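The structure under discussion appears below in the form of structure tokens.
The values are calculated or read from the model by the stated rules, or taken from the named source; none is laboratory data. All of these numbers come straight from a predicted model, not from anything done at the bench. Neighbour counts run over all protein chains shown; Cβ positions are idealised from the backbone, glycine included.
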Amino acid sequence: MPSYMKMGDVRALTYSELARWWEVDFDVLVTTAIAEATGPIHPSASEALHSDAWTERWADALYAGAGELASSVERMTYTCDTRLAKVRRQSGAVQERMGEVNALLKARQQDQGWEMLPEHLKDARLMALAILAKHYREEADQLFTEELGRQGLPTHPPLYGTGYRNVMDAIEDATKRGLIDTPASPGIHALLAAPPHKITHLAAGDVTDQQERVADLRHPLLLRPWASALEHLRDRHCELAGIPAQFTISLSTLNMRELRAESSEDAWDVINRRRFIRALAQRWRECQMLIRQLGRTVAQVSEDLRRPWYEASWAAREELGQRHAEQMHALVVAFAPYCEAETTRIRRGALPGRTRGPLVRELRQALADGCWRALLDPTAHPDATAE
């Protein structure tokens, strides 16, 4: 933390005064998070922390602050520091606030997950068109080809045929294609070619000192080796500390009687290693947060690139739905119990994947068997309740 930025300082600052520091100095954000958890801060700063733009980083800052305060409690208990009671209260307040913000973050991520669902999974009419397109595949394909010709689009959209095993593959491919605006400097290329132990050394230094953060480790092409280095450091240091290998700030309570029986040098080794393990957990959390954020960015970029082909596909399906209007109507009726009143919008939570899959298979089978008119019977599908 900068010597000029203490909790008393951040309490008096507005968001406009703090924003530039939050962007460039994580310690200032941590200090603000601790200040907010333990007392009042400027309303504009509090409002900003609660905003979509900052909530995830706020939660990360609280996690870092909780880990640092837990280590301070251990250090002060060992040295019988007179500030222990105050720091213990701060630690409890930050832990409590962290739980609240994590719950808020989880709720927002669920909302984002719903918003990011493809539109055809949130609208009964679009779902019905998708089912029809699978049932009348050849006709749908022909209509799609004709629509592409009318719009002057090639057969396949950008990135056609690309398959990724995981989100890191997608992030790295998008970065190399220039779809993410983060050019790789010569230093990044040098690190990519370096042996793993060099990345591990950089990651260890990054964990040890907040003011010596290695920005290159946060580059999209280095997130995978950074994560591997953090896992290696976790395994090594947790083994030396005699604790399970996991990323967590919630370590088992130190036995102070046993600690004081050791030499001073050995006791401080224990305390400092536990502090390192907690800081390591924060870096892991930060790494995973960056991966999630970039994964969302890649998904949106890919969606934007393919949008003209999606629109052509749905235009073709609209034509298909008009050609088979009765079947289309029957399918929409089958989805009605899951929709908002007098609309075709699926109610949030009313049709999760474990329910949607079997229902879609049932409807496709009804088309295949020719018994789709039974879907018009309102008693065929009991009302669905939101989950």
Practice item. Could you look through segment 31-41, keep only residues that are within 16 Å of THR55 (Cβ to Cβ) and in contact (Cβ under 8 Å) with a residue 40 or more places away in the chain, and pick out the one that is surrounded by the most Cβ atoms within 10 Å (Cβ to Cβ)? Key: ALA33
**Study point:** Conditions (1) under 23 Å from ASN272 (Cβ atoms); (2) part of a helix (DSSP H, G or I); number of the one not met by ARG57
**Key:** (1)
Check your understanding: Would it be correct to say that ALA53 is of a type in the set (A, V, I, L, M) and modelled with pLDDT of 95 or more?
Key -> no
Point to revise | Selected residue (criterion: nearest to the chain's Cα centre (by Cα)) from residues of segment 35-51 that are among the hydroxyl-bearing types (Ser, Thr, Tyr) and more than 15 Å from ALA93 (Cα to Cα) | key: SER51
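Conditions (1) among the aliphatic types (A, V, I, L, M); (2) touching a Cys at 6+ places or on another chain (Cβ under 7 Å); (3) surrounded by 13 or more Cβ atoms within 10 Å (Cβ to Cβ), marked per residue:
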residue: HIS197; (1), (2), (3): no, no, no
residue: ALA203; (1), (2), (3): yes, no, yes
residue: ASP216; (1), (2), (3): no, no, yes
residue: ARG224; (1), (2), (3): no, no, yes
residue: GLU231; (1), (2), (3): no, no, yes
residue: ARG236; (1), (2), (3): no, no, yes
residue: ILE249; (1), (2), (3): yes, no, yes
residue: ARG260; (1), (2), (3): no, no, no
Exercise for review: State whether the residues of segment 303-317 include one that is out of contact with any Ser or Thr (no Cβ under 9 Å at 6 or more places or on another chain), surrounded by 11 or more Cβ atoms within 10 Å (Cβ to Cβ) and over 27 Å from HIS135 (Cα atoms).
Suggested key: yes
Point to revise | Near pairs, Cβ below 6 angstrom, 6+ apart or cross-chain, from segment 221-233 (touching a residue at least 24 places away in the same chain (Cβ under 8 Å)) to any residue that is assigned to a helix (DSSP H, G or I) and of a type in the set (Val, Ile, Thr) | key: LEU221/THR175; LEU223/ILE291; PRO225/ILE199; ALA229/ILE199; ALA229/THR200; HIS232/THR200
Revision key, fill the gap. All-but-one check, LEU159 against (1) surrounded by fewer than 15 Cβ atoms within 10 Å (Cβ to Cβ); (2) at positive phi, failing number (1)
Exercise for review: Return yes or no: is GLY349 at pLDDT below 95 and assigned to a loop (DSSP other than H, G, I, E, B)?
Suggested key: yes
**Study point:** Among residues of segment 10-25, those that are surrounded by fewer than 17 Cβ atoms within 10 Å (Cβ to Cβ) and not in a helix (DSSP H, G or I), counted
**Key:** 1
Point to revise | Every residue from segment 327-346 that is farther than 15 Å from GLU119 by Cβ and in contact (Cβ under 8 Å) with a residue 12 or more places away in the chain | key: GLN327, MET328, HIS329, ALA330, LEU331, VAL332, VAL333, ALA334, ALA336, PRO337, TYR338
Practice item. Tell me which residues, restricted to segment 151-179, are modelled with pLDDT of 90 or more and among the β-branched types (Val, Ile, Thr). Key: THR155, VAL167, ILE171, THR175
Check your understanding: Taking segment 173-195 on its own, how many of its residues are in a helix (DSSP H, G or I) and closer than 15 Å to ASP216 by Cβ?
Key -> 9
Check your understanding: Which residues, counting only those in segment 249-271, are in a helix (DSSP H, G or I) and without any contact (Cβ under 8 Å) to a residue 12 or more places away in the chain?
Key -> ARG257, GLU258, ALA261, SER264, GLU265, ASP266, TRP268, ASP269
